[in-house]
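The values are calculated or read from the model by the stated rules, or taken from the named source; none is laboratory data. Quick caveat, the model's predicted, so the values are computed rather than measured. FYI the Cβ positions are ideal-geometry reconstructions off the backbone, even for glycines, and counts take in every protein chain you see. For the accessible areas, the whole protein counts, side chains as well, though only heavy atoms, and no ligand, DNA or RNA atoms are used. Shrake-Rupley method; radii C 1.70, N 1.55, O 1.52, S 1.80 Å.
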Amino acid sequence: MKFFKQTTQKIFKMFPAYPPVPEPGLDGCRTCAVVGNSINLKRSHYGKLIDEHTFVFRINFGKTKGFEEDVGNRTTHRVMYPESATDLDNNTHLVLFPFKIQDLQWLVDAFKTGSNAKSYAPIKKRMSANKSLVMVVNPAFMKYVHQSWLEKEGQYPSTGFMVVILALHICDEVSVFGFGADSDGNWSHYWEVLQNKALRTGPHPGSVEYDMISELARQGKVAFYRGW
Ligand code: C5P
């Protein structure tokens, strides 16, 4: 608990204490595109449509270069955790989804001294991004999403699904792109050939998440673009 408190204090010193949620457009409406990394974006031609939203949320390694036609090229928010961190340009919000307390410490170190954190995957030592645009999601958010939106199915929610729920909280209109397994039931990406054919949806309740997004779409709460 002490470590958690000390770490969050450092976070509040270095980064904005209130989430820097950008102003809505001229019509007063914040439209948000949440772009997951599904292979169903390939040949979708959604690029222009995605870029028309006020905010475009991309997740982890979701690339744009070379895939503009299908995924667009604007990124206002990039959601990540230390194992999926990438450098950002000066106008993009870094949105950290912490999975463990060390992830909060990583954020401080990666901007200051450099991080030596060890994990199940390589961790980026230094981050280059605009500090004043950093947003850190409350760690309790994952629990809330797991309990209230997924009835505790699966081990824990996927990052993408958590971003859909986050967007519902901060946007007036939410469009969802790039969610859904391939025909073998694997969560393959639009930019690469899947290596691990036994991936399925990892520890996440993929089909429960997909069904929930479909239900939200049926009720008119989100627009769901299911891809190609
Ligand atoms: O693979 P990665 O976690 O980077 O993808 C981001 C998010 O996109 C996932 O957390 C998941 O919610 C969603 N996704 C999906 N279907 C895929 C690939 C990813 O729904 N085929």
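Name the residue that is nearest to LYS143 (Cα to Cα), counting only residues in the stretch 180-211 that are outside any loop (DSSP other than H, G, I, E, B), open to solvent by 30 Å² or more (accessible area, probe 1.4 Å) and within 9 Å of the ligand (Cβ to nearest atom).
Checking each candidate, the answer is TYR210.
Given the options ALA129, ALA117, name the one that is in contact with a His (Cβ under 9 Å, 6 or more places away or on another chain), away from the ligand (no atom under 16 Å from the Cβ) and open to solvent by 20 Å² or more (accessible area, probe 1.4 Å).
Exactly one of ALA129, ALA117 is in contact with a His (Cβ under 9 Å, 6 or more places away or on another chain), away from the ligand (no atom under 16 Å from the Cβ) and open to solvent by 20 Å² or more (accessible area, probe 1.4 Å), namely ALA129.
Residues are listed down the side, and each one gets a yes or a no for (1) touching a Ser or Thr at 6+ places or on another chain (Cβ under 7 Å); (2) modelled with pLDDT under 95; (3) of a type outside the set (S, T, N, Q); (4) open to solvent by 40 Å² or more (accessible area, probe 1.4 Å):
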| position | (1), (2), (3), (4) |
| --- | --- |
| MET1 | no, yes, yes, yes |
| ARG43 | no, no, yes, yes |
| PHE55 | yes, no, yes, no |
| THR64 | yes, no, no, no |
| ARG74 | no, no, yes, yes |
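Considering the stretch 21-41 alone, what residues qualify as being more than 16 Å from the ligand (Cβ to nearest atom) and either surrounded by fewer than 14 Cβ atoms within 10 Å (Cβ to Cβ) or not in a strand (DSSP E or B) (or both)?
Result: VAL21, PRO22, GLU23, PRO24, GLY25, LEU26, ASP27, GLY28, CYS29, ARG30.
Any residue in the stretch 94-112 that is in a loop (DSSP other than H, G, I, E, B), under 19 Å from the mean Cα position of the chain (by Cα) and crowded, with 18+ Cβ neighbours inside 10 Å? Break it down into steps so the answer makes sense when it comes.
Let us first name the residues in the stretch 94-112 that are in a loop (DSSP other than H, G, I, E, B), namely 97-100, 112.
Pick out the ones that are also under 19 Å from the mean Cα position of the chain (by Cα) and you get 97-100.
In the following step, the residues that additionally are crowded, with 18+ Cβ neighbours inside 10 Å were identified as 97-98.
Yes - at least one qualifying residue is present in the stretch 94-112.
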